[in-house]
1. Considering only the stretch 39-78, state which residues are among the hydroxyl-bearing types (Ser, Thr, Tyr) and in a loop (DSSP other than H, G, I, E, B).
2. Give all pairs with beta carbons closer than 8 Å in which a residue from the stretch 28-56 that is surrounded by 10 or more Cβ atoms within 10 Å (Cβ to Cβ) meets a residue that is assigned to a loop (DSSP other than H, G, I, E, B); count only pairs at least 6 apart in sequence or on separate chains.
Amino acid sequence: MINKQNDNHIVTEQPKKRLSARVRILIGLASLPSLALGYMLVVTALNTGVAGISAFELVYSVIGLVAVYIAVTGKRLF
């Protein structure tokens, strides 16, 4: 716990919890297929244009990027 003084009041802040290393590794491994899909989407967009990319593929790859962020930083989003 961290105590800070703010306008003559003591404010107590709880330290932010981070995910354990095992959970972070598991999330990182689970995000690898969506990172590969993201790479394929970039290559497809450069070669043939964005017409061949569906919304589901785009959302799936963005979720993979969020999972990598969680795995690297260990921060919880909620």
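1. We begin by selecting, within the stretch 39-78, every residue among the hydroxyl-bearing types (Ser, Thr, Tyr); these are 39, 44, 48, 54, 60-61, 69, 73.
Answer for the stretch 39-78, where residues must be among the hydroxyl-bearing types (Ser, Thr, Tyr) and in a loop (DSSP other than H, G, I, E, B): Thr48, Ser54.
2. Leu41/Ile53; Thr44/Ile53; Ala45/Ile53
Only the coordinates and a few stated rules stand behind these numbers; no lab work does. A quick note: this is a predicted structure, and the numbers were derived from the prediction, not measured. Neighbour counts are summed over all protein chains in view; Cβ atoms, including those assigned to glycine, are modelled from backbone coordinates with ideal geometry.
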